[in-house]
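Enquirer: My questions all concern the structure below.
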Amino acid sequence: MAELLKKALTPYSIPYPKLRFGRQGDGGYIVFNHQLEQITNVFSYGINDDVSFDLDFTKYSNAQINMFDHTISGLPAYHRQFKLYKEPGSLGTCIKHITDINSNKSNKLMLKMDIEGHEWEIFKYIPLEFLSMFEQMVIEFHNLEFMQNHVFGFVNMTQSDMTAVFERINTVFYLGHIHGNNCGGIKDVPNTVECTYIRKDLLESVPRVETIPYPIDNLDFKNNVHEPDYPLRWWL
C-alpha cells in the first residue's frame, strides 16, 4: 500500500509560499501564493454551509468565485464575488461549467473540489485540455481504502483506475501538498486526502521531491480535533 501511494501521491517541494485558505479543520486547504491576483475564475465545488475558503480567496484576488452545490438553497454568507449555481459536480456538468464560464479559454483558473467521491469519475475522463486551464487545483480524494480493497462501488473504480487518475493528473501538475483527513482510514493510510496541485509550467525547473514529513504545524489542522492527525512521510 505504501509503495502504491508513494508512486501516485509523491509531493514535491514547490518554491512558492503556502497559504491556508479556510477555517482550521474541515473546509480549509493549502494554496500557493503565486499569481493569485491573476486568477480569472475560481470553480468551487461542494459548499454545504462553509464558504471560509472562498472568502479567504477574495482577499488575494478579484476573480469571480463560481460555487456549485445542488444540495443547498443559498449561501451562508454574501460576497460580491460569489455566484452560486445549484448544480452538482459531475463529469458532464464540470465540462459545461468550464466551457460556459471560461469562454475565452483562459488558463488562469483555480479549482477547489470536495464532492464526496464523485471526483474520481471527473478526473478519470475529463479531457486534459480542460485540466490545463487551472493554475492550481485543491481536491479532496475520498475512499482511498478502496485502493487496498480493490473495489469502488458507486462509480465503478478499481484500484488500477484510482492509481491511473493520480498518474493522469501528474502529467500536467505537481503535487505540492497533501494532508490526511483523520476522520477515518486504514492503519496509517487516511481514507480521504486533501491534495494541492500546481501546474508544471508555472515552475522554472523540475522541483525536488519533498524533504519533510506532513502535517506542518500552523498550516495543517486536524479535521477531527478528538483524534490524532495522520503522519504522512512515505516519500522520505
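The values are calculated or read from the model by the stated rules, or taken from the named source; none is laboratory data. Just so you know, these numbers come straight off a predicted model, no measurement behind them. With ideal geometry, Cβ positions are generated from the backbone for all residues, glycine too; neighbour counts draw on all protein chains shown.
Enquirer: Specify the residue that is surrounded by the fewest Cβ atoms within 10 Å (Cβ to Cβ); the eligible residues are those in the range 8-26 that are small (G, A, S) and modelled with pLDDT under 95.
Expert: So in the range 8-26, the residues small (G, A, S) come out as 8, 13, 22, 25.
From what is left, the residues that are modelled with pLDDT under 95 are 8, 25.
Values: A8: 19, G25: 14.
Among them, the one singled out is G25.
Enquirer: Taking the conditions exactly as written (surrounded by 16 or more Cβ atoms within 10 Å (Cβ to Cβ), acidic (D, E) and at pLDDT below 95), does D54 satisfy them or not? Break it down into steps so the answer makes sense when it comes.
Expert: Working: surrounded by 16 or more Cβ atoms within 10 Å (Cβ to Cβ): yes; acidic (D, E): yes; at pLDDT below 95: no.
It is false that D54 is surrounded by 16 or more Cβ atoms within 10 Å (Cβ to Cβ), acidic (D, E) and at pLDDT below 95.
Enquirer: If you don't mind, there's one more thing I want to ask. Quick check on the range 185-201. Is at least one of its residues of a type in the set (G, A, S), modelled with pLDDT of 95 or more and surrounded by 13 or more Cβ atoms within 10 Å (Cβ to Cβ)? Please lay out each step first, then the result.
Expert: Narrowing the range 185-201 to residues of a type in the set (G, A, S): 185.
Next, only the ones that are modelled with pLDDT of 95 or more stay: none.
So far as the range 185-201 goes, no, none of its residues is of a type in the set (G, A, S), modelled with pLDDT of 95 or more and surrounded by 13 or more Cβ atoms within 10 Å (Cβ to Cβ).
Enquirer: Quick check: is even one residue across the range 36-43 part of a loop (DSSP other than H, G, I, E, B), in contact (Cβ under 8 Å) with a residue 24 or more places away in the chain, closer than 27 Å to G92 by Cα and of a type in the set (S, T, Y)?
Expert: If we filter the range 36-43 for residues that are part of a loop (DSSP other than H, G, I, E, B), which is where we start, we get 39-40.
With in contact (Cβ under 8 Å) with a residue 24 or more places away in the chain added as a condition, the list becomes 39-40.
In the following step, the residues that additionally are closer than 27 Å to G92 by Cα were identified as 39-40.
Next cut, of a type in the set (S, T, Y) only: 40.
The answer is yes; a qualifying residue exists.
Enquirer: Of a type in the set (S, T, N, Q), outside any loop (DSSP other than H, G, I, E, B) and closer than 30 Å to K108 by Cα: does that describe T211? Full working, then the answer.
Expert: On the way: of a type in the set (S, T, N, Q): yes; outside any loop (DSSP other than H, G, I, E, B): no; closer than 30 Å to K108 by Cα: yes.
No, not satisfied.
Enquirer: Let me ask something else about it. Looking only at strands (runs of 3 or more DSSP E) that fall completely inside the range 52-141, which ones have 1 or more residues that are of a type in the set (V, I, T) and touching a residue at least 40 places away in the same chain (Cβ under 8 Å)?
Expert: Working: elements: 64-68, 82-85, 109-113, 134-141.
Qualifying strands (runs of 3 or more DSSP E): 134-141.
Enquirer: Take G89 and tell me if it is within 17 Å of L131 (Cα to Cα), buried (at least 17 other Cβ atoms within 10 Å of the Cβ) and either small (G, A, S) or touching a Leu at 6+ places or on another chain (Cβ under 8 Å) (or both). Break it down stepwise before answering.
Expert: Values: within 17 Å of L131 (Cα to Cα): yes; buried (at least 17 other Cβ atoms within 10 Å of the Cβ): yes; either small (G, A, S) or touching a Leu at 6+ places or on another chain (Cβ under 8 Å) (or both): yes.
Taking the combined requirement at face value, the residue satisfies it.
Enquirer: Separate question: Which is acidic (D, E) and in contact with a strand residue (DSSP E or B) (Cβ under 6 Å, 6 or more places away or on another chain), of D49, D26, D54? Explain how you work it out, then say what you get.
Expert: On the way: D49 fails: in contact with a strand residue (DSSP E or B) (Cβ under 6 Å, 6 or more places away or on another chain); D26 fails: in contact with a strand residue (DSSP E or B) (Cβ under 6 Å, 6 or more places away or on another chain).
Among D49, D26, D54, only D54 is acidic (D, E) and in contact with a strand residue (DSSP E or B) (Cβ under 6 Å, 6 or more places away or on another chain).
Enquirer: Out of all the residues in the range 166-173, is one or more among the polar types (S, T, N, Q), modelled with pLDDT of 85 or more and not in a strand (DSSP E or B)? Please lay out each step first, then the result.
Expert: Start the filter on the range 166-173 by keeping residues that are among the polar types (S, T, N, Q), which leaves 170-171.
Applying the additional criterion that residues be modelled with pLDDT of 85 or more yields 170-171.
With the extra rule that they be not in a strand (DSSP E or B), the set shrinks to 170-171.
Yes, the range 166-173 contains a residue that is among the polar types (S, T, N, Q), modelled with pLDDT of 85 or more and not in a strand (DSSP E or B).
Enquirer: Here's another thing I want to ask about it. For the range 40-66, name all the residues that are polar (S, T, N, Q) and farther than 16 Å from D114 by Cα. Break it down into steps so the answer makes sense when it comes.
Expert: Looking only at the range 40-66, we keep the residues that are polar (S, T, N, Q), and these are 40-41, 44, 48, 52, 58, 61-62, 64, 66.
Across the range 40-66, the qualifying residues are T40, N41, T58, S61, N62, Q64.
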